[in-house]
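Accompanying notes for the structure given below.
The values are calculated or read from the model by the stated rules, or taken from the named source; none is laboratory data. Because the structure is a prediction, the values reported are computed rather than measured. FYI the Cβ positions are ideal-geometry reconstructions off the backbone, even for glycines, and counts take in every protein chain you see. Protein only, heavy atoms only, side chains kept; ligands, DNA and RNA dropped before computing areas. Shrake-Rupley method; radii C 1.70, N 1.55, O 1.52, S 1.80 Å.
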Amino acid sequence: MPSPLPDQPGLFVRDPLRYSDAVLVIPPLLARCLGCFDGAQTEADLHAALCRLTGEVSVREPARHLVKALREAAFLDDEVFAASRARRHDAFAAAPERTPAHAGSGYPAEAAPLTTTLDGYLERSPPRDARVEALVGVAAPHVSPAGGVASYAAAYRGLPADLGERTFVILGTSHYGEPDRFGLTRKPFATPFGATVTDARLVGELARAAGDAAQVEDYCHAVEHSIEFQVVFLQHLYGPSVKIVPILCGAFIEGPAARRPPEASDTVARFIDALGNVAAREGERLFFVLGVDMTHIGRRYGDGLEARAGRGELVEVETRDRQRIARLEAGDAAGFWDLVGEGGTPEHGYDTLKWCGSSPFYTFHRALPRARGTLLHYEQWNIDEQSVVSFAGMSFR
């Protein structure tokens, strides 16, 4: 993304999968040469590109420095990267639990201040509709809790105390996982509050029924925030040992690419069938939680627009967001997906609004076709000065 450092302009590069802990700021001139690192061009091509850009003949040293910096950071597809990736995958597979990836950054790293913080968040929402007899799930953001306070509070405040006896099926966006696949883990999730109980029986059943549609012990769980943030709120409400089934939902690509519904992909259809069968059998023993954001727009997300929440083009974005939300409220998965793909292109994943929560929403409504939603709160937030994320709190009956 563009460098956030005024005294260091250029391209800010980091690895969200944490195969590398390095962070680089590549100066603008060198950033224009990154197209040379495509696996087909040589260092001679890099030198030629730098010569054209600078008008200088002697460019060997800056070219050498760029290659060295990228390689040592494990940002090139080479043996350094492969070794770093293998170490991280092996470490996660061997770990007895999924350790917190965002404690200390997304939320306080100790239990007492975390309790105080979450109490403060939930107090910002008025008490909810007391009808809970048919409640089957909620949707909350997965943006940083400090940025989505009102929507988190709308989703979680007022949930009945006896929900703690249920198993929470958490459908989170997989930002880095394989398209048309679902990521599972049997590991308990550890947070400053303690460790959850992950229902290995249900995880195993889904894995068996879904076959290659599901990746068990998916490394993406090690770094994702979309489930971790929901776990923290659930533990705050129901104690550290809440029972969960954590499911990461990859982006749906194959069906939309052919202008067909996501189930046109055999893997998507197989997993949704497996989840629907589990939901039908388990009934009220389950409660669904969706960790989902909506629109992503602005410089941070590759748009030329300098986006400001609630202003300019973001007024029209809210209108379009609410049209999609209305389809979710009606339980109309097909109508929702039609709006997601409206005017889309391959470059935007067939969604001009870049809703990263589309696949969890769609999976939930196909697996529980009788669910109907209620919008509790909608908002837009400037994640930086030029980029906006939208999200909401919803309940489902």
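Structure above, values below:
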quantity	calculated
Of G291, P262, N277, farthest towards positive along the dipole that unit charges on Lys, Arg, Asp, Glu beta carbons give segment 255-297	P262
Where segment 42-148 is the region considered: accessible area per residue in Å², 1.4 Å probe	56
Interchain or long-range residues, amide H under 5 Å from A109's placed H	G104
Simple spin-label estimate for R370 and L76 in nanometres, 7 Å along Cα-Cβ	5.9
Dipole magnitude of the chain about its Cα centre (Cβ charges: Lys, Arg +1; Asp, Glu -1), debye to nearest 20	580
DSSP-defined beta bridges in the chain - what % are antiparallel, rounded to 5	50
Amide N of segment 13-41 lying under 12 Å from the label point, which is placed 7 angstrom from the Cα of E56 along Cα→Cβ	29-30
Estimated FRET transfer efficiency when R0 is 45 angstrom, pair A101-T42 (beta carbons, to 0.05)	0.75
Candidate lysines - alpha carbon under 30 Å from K243, same-chain residues fewer than 8 apart omitted	K187
Table column - 3J(HN,Hα) (Hz), segment 387-392, Karplus curve with 6.51, -1.76, 1.60, x for Gly and Pro	9, 10, 10, 10, 6, 7
Relative packing of 109-117, 10-18, which averages over residues the other C-beta atoms within 10 Å, highest first	10-18, 109-117
Distance (nanometres) between label positions extended 7 Å along Cα→Cβ at R299 and E165	5.4
Neighbour-limited loop hits for trypsin sites (Lys or Arg not before Pro), segment 246-290 (at most 11 other Cβ within 10 Å; DSSP other than H, G, I, E, B)	R259
Pairwise label distance in nanometres, R14 with E282, each label 7 Å out on the Cα-Cβ vector	3.4
Per-pair calculated FRET efficiency, R0 = 22 Å: R260 and Q323 via Cβ, rounded to 0.05	0.55
Gain in span if fully extended, D332 to L5, counting 0.36 nm per residue against the direct Cα distance	113.3 nm
Apportionment of accessible area to carbon and sulfur, the chain, percent (1.4 Å)	52
